[in-house]
Amino acid sequence: MRSVIHELIISFHSHMDECRHLLRLARNNSEDNVVNALMKSAIVLAIAYWERHIEDLLLKGCAYISDSLRNPLDLPLKTRQVIAESSVTNKRESNPEAFSSSVWAFSGDGWSRKYKEYVQKRADALNTASIKNVREAFADIFGIKDVFPNKEIKDFPGINISEEFNHFMNVRHKIAHGDRTALEGVTIDDIEKWLIIEYELVAMTMGIAWDALEEITGKSAIAYHLKERYVYQILLYFKENGQKTVTNDVFKKIGSTANSNYKKLSYEPWSLLDVKGPKNIYPTDRLFQFLNNELELPSQVLVLKNFKARAKRGTPLIKFNDLQDEYEHKIFDQVSINV
């Protein structure tokens with residue numbers, strides 16, 4: 001999801017550059033009609049990109065949860081309630097068959113499909129991405145109490161950014177409905193201010209949404225640790241034998257724990273092994289970078305549904321030296337392996 005968030009940010013900033021370009025053109029033009037047209041265009045585009053951002057964040061956040069969450073009971077209570085109310089027919093008495101089918105549709109991975117359907121409906125119905133509407137959508141879909149907790153930003157102290165942005169959206173509303181008074185009292189500097197506030201609100205929603213997604217999907221995730229004796233033994237083997245393809249026979253000789261757990265080293269963001277199958281296991285370039293202390297890796301990862309993984313929040317980064325310090329001087333039988 002971090003890569004998705006990064007892509008959303010790049011896309012948003014790229015689009016907003018168009019708005020800033022329109023304002024630069026307006027500043028350098030002396031014809032009132034042209035200036036007004038450029039200002040209106042910048043406003044309409046900026047709000048369109050805001051609404052696109054909110055829609056993308058809702059849909060992609062939902063997709064991430066659907067693909068990553070092991071236990072749907074880890075969804076926030078509010079989210080479970082609105083999905084159930086949206087999906088389960090209330091005709092329990094008059095149409096028990098339809099009621100039963102709507103309930104059983106949640107079985108297995110059906111909850112994921114129902115969740116996506118619900119979020120798609122909410123995104124489609126979000127005709128105006130006002131602060132109120134967005135706040136309610138994020139509360140229902142991700143269980144976020146307030147996606148806009150900051151009332152001010154350092155660039156504009158004393159200005160309530162939510163109220164100011166709603167004013168911005170109201171100006172856009174007037175433009176869209178052909179109100180000739182839409183730009184009365186509005187300057188290019190005002191629009192520049194609104195754009196800065198929009199950037200801040202986008203960053204705010206991105207950060208808070210990611211925190212919520214991490215918390216939701218992390219509850220039932222499986223934690224694996226890099227600082228383990230079997231990991232050190234596997235790394236020692238490759239340090240001594242170089243960069244060649246191996247089979248699981250190597251790990252059997254190292255020990256039962258190594259043989260049972262070597263696949264964990266293929267998880268991102270570790271990616272130390274490329275496991276094509278038990279007879280085709282490749283050490284990666286990252287493994288040798290780690291051996292040479294050229295690379296730091298998170299000491300703990302969380303494995304989500306569908307074998308997706310991410311670093312656990314707050315986990316320290318470690319180097320191979322840390323494993324050496326932990327295990328090099330401990331006494332254990334190291335099997336000599338010649339494969």
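The values are calculated or read from the model by the stated rules, or taken from the named source; none is laboratory data. Quick caveat, the model's predicted, so the values are computed rather than measured. Quick reminder, even Gly has a Cβ in these numbers, built from the backbone with ideal geometry, and neighbours come from all protein chains shown.
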Residues of the stretch 46-81 classified as assigned to a helix (DSSP H, G or I) and surrounded by fewer than 16 Cβ atoms within 10 Å (Cβ to Cβ), total: 7
Inter-residue pairs, beta-carbon under 7 Å, first under 15 Å from N261 (Cβ atoms) and in the stretch 297-313, second crowded, with 20+ Cβ neighbours inside 10 Å and among the basic types (K, R), 6+ apart: V301/R310
From the options K239, K244, K253, residue that is free of Cβ contacts under 8 Å to residues at least 40 places away in the same chain and not assigned by TED's automatic domain parsing to the domain that holds L73: K244
Wholly within the stretch 220-268, helices (runs of 4 or more DSSP H) carrying at least 1 residues that are within 21 Å of E296 (Cβ to Cβ) and among the basic types (K, R): 229-241
Of all residues in the stretch 110-128 being in a helix (DSSP H, G or I) and of a type in the set (S, T, N, Q), the one that is surrounded by the most Cβ atoms within 10 Å (Cβ to Cβ): S112
The lone exception for E192 - which of (1) at pLDDT below 95; (2) surrounded by fewer than 17 Cβ atoms within 10 Å (Cβ to Cβ); (3) in a helix (DSSP H, G or I) it fails: (1)
Index of the failed condition, A212 passing every other in (1) farther than 30 Å from A137 by Cβ; (2) under 23 Å from the mean Cα position of the chain (by Cα); (3) assigned to a helix (DSSP H, G or I): (1)
Qualifying positions in the stretch 269-289 - of a type in the set (A, V, I, L, M, F, W, C) and outside any loop (DSSP other than H, G, I, E, B): L273, V275, I281, L287, F288
Lone unmet requirement of (1) surrounded by fewer than 17 Cβ atoms within 10 Å (Cβ to Cβ); (2) touching a residue at least 60 places away in the same chain (Cβ under 8 Å) for D146: (2)
